[in-house]
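The values are calculated or read from the model by the stated rules, or taken from the named source; none is laboratory data. The structure displayed is predicted, hence computed values, not measured ones. Note that each Cβ is placed from the backbone with ideal geometry, even for glycine, and that neighbours are counted across all protein chains shown. Heavy atoms of the whole protein, side chains included, go into the accessibility calculation; ligands, DNA and RNA do not. Shrake-Rupley method; radii C 1.70, N 1.55, O 1.52, S 1.80 Å.
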Amino acid sequence: MRNKIFIIMTFFIGILIVTLFASMLFLQKRTITFLTTTKLEKQTTQKIKFFNSFLEHRVQLINAISTNSEFINYVKTNKNKNIVHNLFITQANTHFDMFQLRYIDSKGFEKIRIDNYNTPRLLKDEELQNKKSRYYFVDTMKLTKEELYFSNFDLNVERGRIETAYIPTLRIAKPIVIDNKTYGILIINFNISEFLNQFREMSLHNMTLFYADGNIIIDKNNKYSWSSDFKLKTKVNDLYTFLPKDMASFKE
């Protein structure tokens, strides 16, 4: 069952606490002795700041695009689409980790989509898809004008299949609400490979990142990573038996 991540700090602190606790025990005994409470607290603070900074910049980006006057005019009138094309391409050119930028209407149809794998590319009308059944569309359409949707960390899926090469993905979406009418959603897919690499490097040891339901995001042994995406039976409790089975109570 997917975790719905609408509160940034709740999401981060939850995975951070279980990650730090699990990864402490990956160290040799002499290393654990060396890590004092003060050093662990400092490391935790650094990770929180890093994560918050990562999110803050991307939230600012989607807010800036969604409130752009030319974009709002296009959504309301369906005119001057080429201006929004240029706006989207410009944003993709200046943000290397943005690999998809889309406006999806209230019926789930992609109206404008930029793919940015090597260079930004505007998709033709015949390439656009209907996303009305995708969880991120359904969940975002339920939000108010002020709210943002944050997906789980997962691997990007295209036409029902995990895209290769694998792209660790975070989706941030926002409903486009004008005069109390929801016209659709703006959604950005971010490639979080570099973020995850830097997050790992901030630890003094191997790190396993996982959700409260036991599904593994990344592990030192890559065959266990992205367990939810690949529908693996192995959960974090199978790898580290000292962890409680009820992660929700453990976070408390």
Residue in segment 10-18 that is in a loop (DSSP other than H, G, I, E, B), surrounded by fewer than 19 Cβ atoms within 10 Å (Cβ to Cβ) and at pLDDT below 95 present: no
So which residues in segment 137-157 are touching a strand residue (DSSP E or B) at 6+ places or on another chain (Cβ under 8 Å), open to solvent by 40 Å² or more (accessible area, probe 1.4 Å) and among the hydrophobic types (A, V, I, L, M, F, W, C), if there are any at all? MET141
Quick one: count up the residues across segment 158-178 that are in contact (Cβ under 8 Å) with a residue 60 or more places away in the chain and either open to solvent by 50 Å² or more (accessible area, probe 1.4 Å) or farther than 24 Å from THR90 by Cβ (or both). 2
So if I check each of ARG102, ARG134, ARG159, which one is under 30 Å from ASN197 (Cα atoms) and at pLDDT 95 or above? ARG102
Looking for something more than 14 Å from the chain's Cα centre (by Cα), in a helix (DSSP H, G or I) and among the basic types (Lys, Arg) - is there at least one such residue anywhere in segment 176-186? no
Restricting the first residue to segment 41-55 and requiring it to be closer than 15 Å to ARG200 by Cα, which pairs with a second residue that is of a type in the set (Phe, Trp, Tyr) and open to solvent by less than 20 Å² (accessible area, probe 1.4 Å) meet a Cβ separation below 6 Å and a spacing of at least six or different chains? PHE51/PHE12; PHE54/PHE195
Return the only residue of LYS220, LYS181 being under 26 Å from SER66 (Cα atoms) and open to solvent by 20 Å² or more (accessible area, probe 1.4 Å). LYS181
If you go through segment 187-205, how many residues are assigned to a loop (DSSP other than H, G, I, E, B) and among the hydrophobic types (A, V, I, L, M, F, W, C)? 3
